[in-house]
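The values are calculated or read from the model by the stated rules, or taken from the named source; none is laboratory data. This structure is a prediction, so every number in the text was calculated from the model and none was measured. Please note: Cβ atoms are built from the backbone with ideal geometry, for glycine as well, and neighbour counts cover all protein chains shown. Surface accessibility is based on the protein's heavy atoms, side chains included, excluding ligands, DNA and RNA. Shrake-Rupley method; radii C 1.70, N 1.55, O 1.52, S 1.80 Å.
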Amino acid sequence: MKTKPKFETLAIKSTENQMSNIESVSTPIYLSSTYKRNSDGTYNNDLIYSRNENPNRKIIEYSIAQLERGKHSFAFSSGMAAVSAIFQSLKTGDHIILPDDIYFTIKKLLREVFEQWNLTYDLVDMCDLKAVESTIKPNTSLIWVESPSNPQLKISDIKAISEIAHKKNIVCAVDNTWATPVLQNPLELGADMVIHSTTKYFGGHSDVLGGCVVLNDDKLAEKFKSIQVLSGAVPSPFDCWLIARGIQTLHLRVSKQAENALKLAQYLESHPKIKKVLYPGLVSHPQHLLAKKQFNNGFGAMLSILIKATEKETFNISTKLKYFATATSLGGVESLVEHRKSVEGMDSLTPENLIRISVGIENIDDLIQDWKLVLQ
Ligand SMILES: *Cc1c(COP(=O)(O)O)cnc(C)c1O
């Protein structure tokens, strides 16, 4: 009987070199901007020019599509370039429904760039399915889901929201950056599109920017191919190579990071100076049961905490840890903390006493001890 390879196997197999007639085990970085044409006018391996396609990009697109259980995948030079491609695929006058605590740069992109193209949006609490349904307008063409959300760690019911969207012929896109395909496959839950900032867990080492869109629909895929190649926000071969390398250890890292995050969340929840821990793996999380159903193995490696402290004290705490660097971003092997409100700026709805934590692969006892000392 033929069985389908499991995630860890796919992650290795899907990133192997497919092109070279030199049988190297590790894939070279193809630093060529252009490719030779044959005398009959054809090209080998569909390789013409590196913006259109390059071997390293082919590998990560193939691999990410496999891992997300999707048919087509398009790599971009950053997560925001992938998000922009989705907005570029809409028509002027279209309406979008966004989660009220969506990754704040996406809201900014719509306001500062796409609003002049007459794309409008409404923010809604995605945990409230009735509210999602009643926000739909005749011109709504996209419902955006981010689960877990940033930085409140809200969990949205991807299957239910996809069904609501499909009843009205609306596309449901899921930003799966925080969950990764190790923990969650939105396409299998009914979503039409998955977006990743591959800067985060795919890269995994805080040394590369990237983004990706995965989808199944062939017609939509043609449109995305045009947007990708003609708009030109494509990743370099070296960026793709780094992401392919990251993919090979994605499963190990995310599993370990999620295991550490649960233990840290449990510790912090028991601490008298902590008012609240937002982590879907805790029984106290309002959507814990949904999270249990929707996640595959573990609840992710991101958490936010509310400290019994003023904004200034909270900020100071975020700079005093030894093993958590104070920096934005997430998903790398090293732990990071961030006072989120002061990063998001004036119109941020994030509580002033919130610290967002990206848990790395360090030893959990050291990580807990670090917080113990700082919270004394
Ligand atoms: C980081 C991030 C993005 C943007 O990705 P970049 O690679 O920084 O452009 C989008 N969505 C989420 C959830 C993110 O964490």
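Of the residues making up the range 176-187, not a single one is buried (at least 24 other Cβ atoms within 10 Å of the Cβ), over 16 Å from L290 (Cα atoms), over 8 Å from the mean Cα position of the chain (by Cα) and within 10 Å of the ligand (Cβ to nearest atom). Being among the polar types (S, T, N, Q), open to solvent by 10 Å² or more (accessible area, probe 1.4 Å) and either assigned by TED's automatic domain parsing to the domain that holds L290 or over 21 Å from the mean Cα position of the chain (by Cα) (or both) is a property that holds for N44. Using the structure shown, decide if V145 is hydrophobic (A, V, I, L, M, F, W, C), away from the ligand (no atom under 16 Å from the Cβ), under 16 Å from C172 (Cα atoms) and in contact with a helix residue (DSSP H, G or I) (Cβ under 9 Å, 6 or more places away or on another chain). It is false that V145 is hydrophobic (A, V, I, L, M, F, W, C), away from the ligand (no atom under 16 Å from the Cβ), under 16 Å from C172 (Cα atoms) and in contact with a helix residue (DSSP H, G or I) (Cβ under 9 Å, 6 or more places away or on another chain).
Among the candidates V277, V182, V194, the residue that is of a type in the set (A, V, I, L, M) and in contact with a Phe, Trp or Tyr (Cβ under 7 Å, 6 or more places away or on another chain) is uniquely V182. Could you check the range 192-207 and list, in sequence order, the residues that are under 16 Å from I64 (Cα atoms) and either part of a loop (DSSP other than H, G, I, E, B) or open to solvent by 10 Å² or more (accessible area, probe 1.4 Å) (or both)? Hits for the range 192-207 are D192, S197, T198, T199, K200, Y201, F202, G203, G204. Kindly indicate whether any position in the range 239-260 is in the same structural domain as P181 (by TED's automatic domain parsing), touching a residue at least 60 places away in the same chain (Cβ under 8 Å), farther than 20 Å from E334 by Cβ and surrounded by fewer than 23 Cβ atoms within 10 Å (Cβ to Cβ). No, that holds for no residue.
Yes/no per residue for (1) outside any loop (DSSP other than H, G, I, E, B); (2) out of contact with any Ser or Thr (no Cβ under 6 Å at 6 or more places or on another chain); (3) at pLDDT 95 or above; (4) open to solvent by 10 Å² or more (accessible area, probe 1.4 Å):
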site: T9; (1), (2), (3), (4): yes, yes, no, yes
site: S20; (1), (2), (3), (4): no, yes, no, yes
site: S24; (1), (2), (3), (4): no, yes, no, yes
site: K58; (1), (2), (3), (4): yes, yes, yes, yes
site: K108; (1), (2), (3), (4): yes, yes, no, yes
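Among residues of the range 99-119 that are of a type in the set (D, E, K, R), those with a Cβ under 7 angstrom from a residue that is within 15 Å of the ligand (Cβ to nearest atom), sequence gap 6+ or separate chain, pair up as D101/S149; D101/N150; D101/Q152; D101/K154; K107/L98. For the range 60-91, a residue qualifies if it is more than 16 Å from the ligand (Cβ to nearest atom), assigned to a helix (DSSP H, G or I) and in contact with a helix residue (DSSP H, G or I) (Cβ under 7 Å, 6 or more places away or on another chain), and the qualifying residues are S63, Q66, L67. Of all residue pairs spaced 6 or more apart or on separate chains, those with beta-carbon atoms under 6 Å, a first member in the range 166-177 that is farther than 29 Å from F202 by Cα and a second member that is open to solvent by 20 Å² or more (accessible area, probe 1.4 Å) and assigned to a loop (DSSP other than H, G, I, E, B) are K168/I136. On the stretch given as the range 279-298, residues that are in a helix (DSSP H, G or I) and open to solvent by less than 10 Å² (accessible area, probe 1.4 Å) total 1. Give the residues of the range 134-156 that are assigned to a loop (DSSP other than H, G, I, E, B), more than 20 Å from S358 (Cα to Cα) and open to solvent by 40 Å² or more (accessible area, probe 1.4 Å), sorted by residue number. Result: K137, P138, N139. Counting only strands (runs of 3 or more DSSP E) that fall entirely inside the range 299-358 and contain at least 3 residues that are away from the ligand (no atom under 16 Å from the Cβ), the qualifying elements are 302-307, 324-326. Name the one entry in I357, I361 that is farther than 30 Å from K159 by Cα, buried (at least 17 other Cβ atoms within 10 Å of the Cβ) and of a type in the set (A, V, I, L, M, F, W, C). That would be I361, the only listed residue that is farther than 30 Å from K159 by Cα, buried (at least 17 other Cβ atoms within 10 Å of the Cβ) and of a type in the set (A, V, I, L, M, F, W, C).
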